[in-house]
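Data first, discussion second: the structure below is written as structure tokens.
What follows draws every value from the coordinates through simple rules; no lab data is involved. Treat the numbers as computed from the prediction; the structure is a model and nothing was measured. Every residue, glycine as well, gets a Cβ built from its backbone with ideal geometry; the counts of neighbours run over all protein chains shown.
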Amino acid sequence: MALPQSLMVSVMPSELELIACEQLVEIIPLVAMEKTAFISGAYGPLRPPARCKVPIWIATNLKLKKKCHIVPPSWLNIEYLQDRLSRETTYPEFSAMPFRFAEIAKVLLDVASDDFQNADKIRSLLKDIREARQAKSREGLTKLDHSELSLPNLSSMEINEIRPHFVKGMESLVKLVKDPEGRHMES
Amino acid sequence: MDDDYYSIDAILAENQKIQCTFKKEIPNMGHLTGGNERDIKPTMKAQIPVWLARTLFFSGYADLTMPPAYAERVRHALDAEATSVKLSNLVGQGGLWYGFGRLIMNELDDDSPDTQELSKLLATTFKARLPAVVDQAQHFASINTAGSSGGGADAGIAFREGLDGTERELFNLAQESAKRTKLWYESSDRGRR
């Protein structure tokens, strides 16, 4: 009960970012490092110029010290995003994106924009995708129902954003709808 | 809008008065209805708070009349355009239209047509207004963080003033969440590490 109201209903975006930063990303190291043990596992050895997989938090850390280049994940490029955007705008359902794409894309674009070929274009594509998906989750709100709601392919950040009011809305609806048999009240 | 013993909302909604018609004579209790008579006579009408009405109702002393806030006229207005009805004005203090409606619903018989109708009215109204509530909340979340004034949003003013207590809560939740997410999207990690 000591937690502020906002933290009781959902987690912070920055916490989601922290979780997403556990995922692995490929880097091209510029410094050599022996295989090193961390709490989450052992990573390395770093042998420039061989590629190596490390968690994003190590990658960003090294990147900010200019000790590596980050290789963008396979989905974080213009062709892929363009394709997803056109799918997003033509089909009514959410298109499949990596579950934590928003967090990963933001962190990588933030610290390693010089490792992307066209960072600004990627940013604007991501923004368009986000807006298209937001319109759909709003659509989902109109279909809110006291028993269930299915929005497949929603990403973690989007779920987190709509969680408080969707949950509260459904909670209120459950109390307003009185039908012991289940769902025959649907109009 | 929950039934929790400690919920202030529930207590406030219970304090709401509803119209009852007495069915039996109750001697020496005339002062309860605010009149000068000594006894309560059958067919006498009185405004009674919900918490008291519950007992009267179950022990067969009185009958309950549907409050005007859920009566025909409001129903028609809500059918026509749910978002243009000011729910907060319908039920006095706190404007807990849904909470009060639910209380009445709980007093009534589960399978009476009145209950079904009331439940349907509450649920459809809630569903019809929910998207508008969230839209407004997100709109405000975006202009507030951008630092601009809230001008040019007068179309929504009437709607926001008419929000029921439950909707207000939803509005806050949606606004907070949208704000936090927006802040995160706009923040940069470069300086932090």
* Structure fact -> To the nearest 10 degrees, the tilt of helix A:119-142 (Cα long axis) against the first principal axis of the alpha carbons of chain A is 20
* Which loop GluC sites (Glu not before Pro) in the range A:135-171, with loop taken from DSSP, have no more than 12 other Cβ atoms within 10 angstrom of their Cβ? -> A:Glu148
* **Neighbour-limited loop hits for chymotrypsin sites (Phe, Trp or Tyr not before Pro), the range B:78-139 (at most 16 other Cβ within 10 Å; DSSP other than H, G, I, E, B)** => none
